[in-house]
1. Could you line up 210, 250 from fewest to most neighbouring Cβ atoms inside 10 Å?
2. Starting from one equal scatterer on each C-alpha and no solvent at all, send me the Debye-based log10 I(q)/I(0) for the chain at q = 0.07, 0.08, 0.13 Å⁻¹, two decimals.
3. Restricting things to Cα coordinates, could you compute the convex hull volume per residue of the range 129-186 in Å³?
4. Could you sort 320-328, 293-301, 75-83 so that the peptide with the highest average Cβ count within 10 Å comes first and the rest follow in order?
5. Based on the Cβ-Cβ distance of residue 146 and residue 33, what FRET efficiency does E = 1/(1 + (r/R0)^6) give at R0 = 25 Å, to the nearest 0.05?
6. Any chance you could check the Cα centroid distance between the range 133-173 and the range 327-400 for me, in angstrom?
7. Mind listing the Cα extents of the range 201-285 along all three principal axes, in Å, largest one first?
8. Round to the nearest 0.05 the FRET efficiency obtained for residue 188 and residue 13 when R0 = 45 Å and r is the Cβ-Cβ distance.
């Protein structure tokens with residue numbers, strides 16, 4: 001009996017299978033430097049974190065895993081970042097296999113495309129652009145890493161961090177300097193900071209935006225409304241968030257740095273929560289205000305159809321424009337001289353509410369299960385749900401139940417909370433008969 005799955009079910013099941021395969025590879029002794037098999041739940045956690053491009057870890061990646069284990073993690077990051085359907089289409093094109101209608105529909109769902117026409121061409125562009133930027137990023141990082149760590153290690157570190165940054169994964173191999181160090185040794189290094197920032201932003205704006213930029217270059221007026229909203233909102237968030245972090249931590253976590261390096265550190269702090277997971281400033285040293293602001297950025301995330309998570313910047317923009325229109329007493333919601341579809345507004349509110357609700361339920365389960373501070377648990381849960389990977393240091397101390405909760409949150413965050421709900425909840429036929437209308441008091 002052939003199993004019939006729709007596009008969303010195929011997407012959800014595909015990610016689950018990849019996570020399972022990755023966990024089997026990571027659990028073996030030859031994947032670990034100790035030569036001893038790690039507990040399966042920890043292997044599953046690591047595989048889920050890599051495939052869901054999150055970056056939360058129960059082990060320091062460099063000190064725990066062999067080169068084989070690190071390569072497995074890198075492959076999981078690449079597949080998870082691009083989407084397994086994109087990888088499958090690449091192999092189909094290589095062997096000359098025809099891409100059928102079902103595969104095109106699955107691919108359209110995987111990259112959040114608005115139409116099925118030209119979807120294979122978009123997938124080809126995604127693969128080419130990804131390869132180009134990851135190679136350029138690795139080459140630039142090699143300039144710093146080769147003198148620092150030697151030719152072999154330097155090249156491998158450059159490749160690993162370029163892919164991890166572009167896919168917004170947050171996995172690092174800086175355990176070579178110190179466990180769980182991330183990019184703190186390079187807080188003042190302009191080259192490493194700018195390259196990683198650039199890769200994070202490019203990987204996080206979304207495949208649809210790439211297509212627009214490829215076709216229309218810098219002709220902003222010719223972009224789709226979606227592209228205009230994503231670019232404008234992203235720029236506003238980067239600038240505003242940088243100013244907020246600089247104002248809060250100027251004499252706090254950034255103390256001891258020069259003024260220019262403080263701005264660099266603030267910029268990195270503003271970009272990485274949406275949703276890269278690297279850090280140049282130790283998260284534990286951030287003030288409660290900066291840490292809370294980081295949670296807000298983790299909830300927002302980056303662009304739809306990208307390597308990043310969160311509710312997405314376009315969702316935030318649509319909700320903001322909807323609230324603004326309601327306050328002004330306007331029926332239509334407009335942006336860049338275009339009217340936004342009411343169904344899009346409804347989906348934006350529903351997906352945001354569902355997203356936050358799932359993260360809060362996960363937080364509640366962890367609170368009941370373990371004795372951590374509420375702030376640390378909320379930070380961990382929204383980091384997992386947003387596929388960010390930042391942590392206040394509690395990940396390695398999570399018990400089995402909490403790890404399972406975090407795995408589920410990472411999976412829901414990568415596949416999409418709304419997508420999972422729509423994939424497995426049966427849709428009823430819409431009938432012409434409707435119930436009587438009645439008002440409910442709000443506010």
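Values in this text are rule-based calculations from the coordinates and carry no lab data. Here the structure is a predicted model, which means the values were calculated and not measured. Reconstructed Cβ throughout: ideal geometry from the backbone, glycine too, with neighbour counts over all protein chains shown.
1. 250, 210
2. These q points yield log10 I(q)/I(0) values of -0.34, -0.44, -1.21.
3. 67
4. Sorting 320-328, 293-301, 75-83 by mean packing, highest first, produces 75-83, 293-301, 320-328.
5. Result of the calculation: an efficiency of 0.60.
6. For the range 133-173 versus the range 327-400, the Cα centre distance is 31 Å.
7. 45, 21, 16
8. Step by step, r from the Cβ atoms, then E = 0.50.
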